[in-house]
Amino acid sequence: AQTVTRDADGVVTVGGIPVTRLAEEFGTPAYVLDEADFRARARAWRTAFGQDADVFYAGKAFLSRAVVRWLHEEGLNVDVCSGGELATALSAGMPAERIAFHGNNKSVDEITRAVEAGVGHIVLDSFQEIVRVAHIAQGLGKRQKVLIRITVGVEAHTHEFIATAHEDQKFGIPLAGGQAAEAVRRALQLDGLELVGIHSHIGSQIFDMSGFEVAAHRVVSLLKDVRDEHGVELPEIDLGGGLGIAYTSDDDPREPHEIAKSLTEIVTRECEAAKLRTPRISVEPGRAIVGPTAFTLYEVGTIKPLDGLRTYVSVDGGMSDNIRTALYDAEYSVALVSRTSDAAPMLARVVGKHCESGDIVVKDAFLPADVAPGDLVAVPATGAYCRSMASNYNHVLRPPVVAVQGGEARAIVRRETEEDLLRLDVG
Ligand code: LLP
């Protein structure tokens, strides 16, 4: 786990480095990522699933070249969903066959680059894409390994914008109405494609394994239908990502070994019942690997007590470095990390510096009543979907990602500069 302690002066240290030193060296706001913790989590997933399964880290949660190298070293694969993510994974030396390419509207250019590079899987998301990928692969004289993404009709209990297996949304091909079976039929006919399996991703920030069990059941029943109709046993299934992490102490996440055990058991049981060879299982955790490994370090700028309501504590970042509170009503916690305080706890709302009132980082939090400008505060569990969803709203510069390891700190993504911003402005 992340090695966070307080030194004799009450300053929080991470990976052996006081946050005050990190703030001096790298400035604030900054995402501070514990490399040892990242590697340990990646390794735990790899070990839990063993050699008969593949773990694809979902790059959308957070991707950089250093992270790709760590994943490579720890034996994980990478799932990408854009040309930019593909370029990052390839440029960091991830072998193409260990990359899977996702997305509901990959461009012709992106597909061409992926096929040319030789990615391990392309996950087909629509009838058009079945034809499009087949055509491109054939044109390049290749046969591309593909999975078909289906929607199994499970309602995952999570925020509507991040639930993906119910039918009324943009991803995948519905199992209902025989559409998925029709997609398999078409893919099997096309020379440019080698259909190796079925993919399902039911949503994100999920704690209850029952959605995965229903999904696995339905995917296996499709494999059985495919065997009965075509005499083909598809060798792979991918059950996606989506495992939840603890943002606050109320959340109770499952461990990788529990998840691996549960998924492997259900797939094996269902396949035995259907007299199918057990397929190779893949999973695609993003948040569960990188989420807990980082916190955002902010400096407090202004304090505004509103009588009878709460105290607004403004920090030097906000919705541009963490949009999740505004977008999903996500819950975070916050702690004073540059010193200890004996002051009574006070109800605070941690807000950013952007020009709108929805710019909230932590909705309800208790901070010591003597919190003051210049204090450093940290918001934990910001490793996933914070830097990767960061924006330049109000022309704010995106923060660096600082990796700490064994008493050393280095930026793996540097802070943006005003020059970076102005370089794009060519009018
Ligand atoms: N596989 C597929 C096909 C996905 O679409 C996703 C996430 C994952 C794997 C990884 O899911 P994870 O294990 O990280 O939950 N921006 C949202 C989350 C969007 C997730 C999109 N797809 C958030 O901040 O909560």
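The values are calculated or read from the model by the stated rules, or taken from the named source; none is laboratory data. The structure presented is a predicted model; accordingly, all values stated were derived computationally and were not measured. Methodologically, a virtual Cβ is constructed for each residue, glycine included, from the backbone with ideal geometry; neighbour enumeration extends over all protein chains shown.
For the range 64-85, which residues satisfy the criterion of being part of a helix (DSSP H, G or I), within 15 Å of the ligand (Cβ to nearest atom) and touching a residue at least 40 places away in the same chain (Cβ under 8 Å)? Step through it out loud before you land on a result.
Keep residues of the range 64-85 that are part of a helix (DSSP H, G or I), which gives 65-73, 83-85.
From what's left, within 15 Å of the ligand (Cβ to nearest atom): 67, 71, 85.
Val67 - this is the single residue of the range 64-85 that is part of a helix (DSSP H, G or I), within 15 Å of the ligand (Cβ to nearest atom) and touching a residue at least 40 places away in the same chain (Cβ under 8 Å).
Take Gly103 and decide whether it is more than 16 Å from the ligand (Cβ to nearest atom), on the phi > 0 side of the Ramachandran plot, of a type outside the set (A, V, I, L, M) and part of a loop (DSSP other than H, G, I, E, B). Give the derivation first.
Numbers: more than 16 Å from the ligand (Cβ to nearest atom): no; on the phi > 0 side of the Ramachandran plot: yes; of a type outside the set (A, V, I, L, M): yes; part of a loop (DSSP other than H, G, I, E, B): yes.
No.
Residues being in contact with a strand residue (DSSP E or B) (Cβ under 7 Å, 6 or more places away or on another chain) and either crowded, with 24+ Cβ neighbours inside 10 Å or part of a strand (DSSP E or B) (or both): count how many of those fall in the range 29-41. Can you show your working first?
Within the range 29-41, the subset in contact with a strand residue (DSSP E or B) (Cβ under 7 Å, 6 or more places away or on another chain) is 29-36.
So of that shortlist, the ones also either crowded, with 24+ Cβ neighbours inside 10 Å or part of a strand (DSSP E or B) (or both) come out as 29-34.
Within the range 29-41, residues that are in contact with a strand residue (DSSP E or B) (Cβ under 7 Å, 6 or more places away or on another chain) and either crowded, with 24+ Cβ neighbours inside 10 Å or part of a strand (DSSP E or B) (or both) number 6.
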Every listed condition ((1) within 30 Å of Glu265 (Cβ to Cβ); (2) out of contact with any helix residue (DSSP H, G or I) (no Cβ under 9 Å at 6 or more places or on another chain); (3) within 14 Å of the ligand (Cβ to nearest atom)) holds for Arg280 save (3)
Scan the range 237-245 and tell me whether some residue there is out of contact with any strand residue (DSSP E or B) (no Cβ under 6 Å at 6 or more places or on another chain), assigned to a loop (DSSP other than H, G, I, E, B), of a type outside the set (Ser, Thr, Tyr) and modelled with pLDDT of 95 or more. yes
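Is it the case that some residue within the range 15-23 is in a loop (DSSP other than H, G, I, E, B) and either within 16 Å of the ligand (Cβ to nearest atom) or farther than 30 Å from Tyr298 by Cα (or both)? Walk me through it before giving the result.
At the first step, the residues of the range 15-23 found to be in a loop (DSSP other than H, G, I, E, B) are 15-16.
The next check asks that each one be either within 16 Å of the ligand (Cβ to nearest atom) or farther than 30 Å from Tyr298 by Cα (or both); those that pass are none.
No, the range 15-23 contains no residue that is in a loop (DSSP other than H, G, I, E, B) and either within 16 Å of the ligand (Cβ to nearest atom) or farther than 30 Å from Tyr298 by Cα (or both).
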Six or more apart or on different chains, Cβ atoms under 8 Å: show the pairs whose first residue is in the range 182-205 and over 19 Å from Val152 (Cβ atoms) and assigned to a helix (DSSP H, G or I) and whose second is more than 16 Å from the ligand (Cβ to nearest atom) and of a type outside the set (S, T, N, Q). Arg186/Phe127; Arg186/Ile130; Arg186/Val131; Leu188/Leu195; Leu188/His230; Leu188/Val232
Which ones in the range 43-63 are part of a loop (DSSP other than H, G, I, E, B) and within 16 Å of the ligand (Cβ to nearest atom)? Gly59, Lys60, Ala61, Phe62, Leu63
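Determine, yes or no, whether Thr88 is in the same structural domain as Glu236 (by TED's automatic domain parsing), part of a helix (DSSP H, G or I) and away from the ligand (no atom under 13 Å from the Cβ). Walk me through how you get there before you give the answer.
Details: in the same structural domain as Glu236 (by TED's automatic domain parsing): yes; part of a helix (DSSP H, G or I): yes; away from the ligand (no atom under 13 Å from the Cβ): yes.
Yes, satisfied.
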Look at Lys261 and say whether it is more than 23 Å from Ala48 (Cβ to Cβ) and of a type outside the set (Asp, Glu). no
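With Val377, Val362 as the choices, which residue is within 16 Å of the ligand (Cβ to nearest atom), closer than 29 Å to Asp37 by Cβ and in a strand (DSSP E or B)? Give the derivation first.
Working: Val377 fails: within 16 Å of the ligand (Cβ to nearest atom).
Only one candidate passes the filter, namely Val362.
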Tell me the residue from Gln169, Gln189 that is surrounded by fewer than 24 Cβ atoms within 10 Å (Cβ to Cβ), farther than 22 Å from Val78 by Cβ and at pLDDT below 95, please. Gln169
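Rundown of residues vs (1) within 30 Å of Lys224 (Cβ to Cβ); (2) among the basic types (Lys, Arg); (3) touching a Gly at 6+ places or on another chain (Cβ under 9 Å), yes/no style:
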| site | (1), (2), (3) |
| --- | --- |
| Ser249 | no, no, no |
| Pro253 | no, no, yes |
| Pro256 | yes, no, no |
| Ser262 | yes, no, no |
| Glu270 | yes, no, no |
| Pro279 | yes, no, yes |
| Pro292 | no, no, yes |
| Phe295 | no, no, yes |
| Tyr298 | no, no, yes |
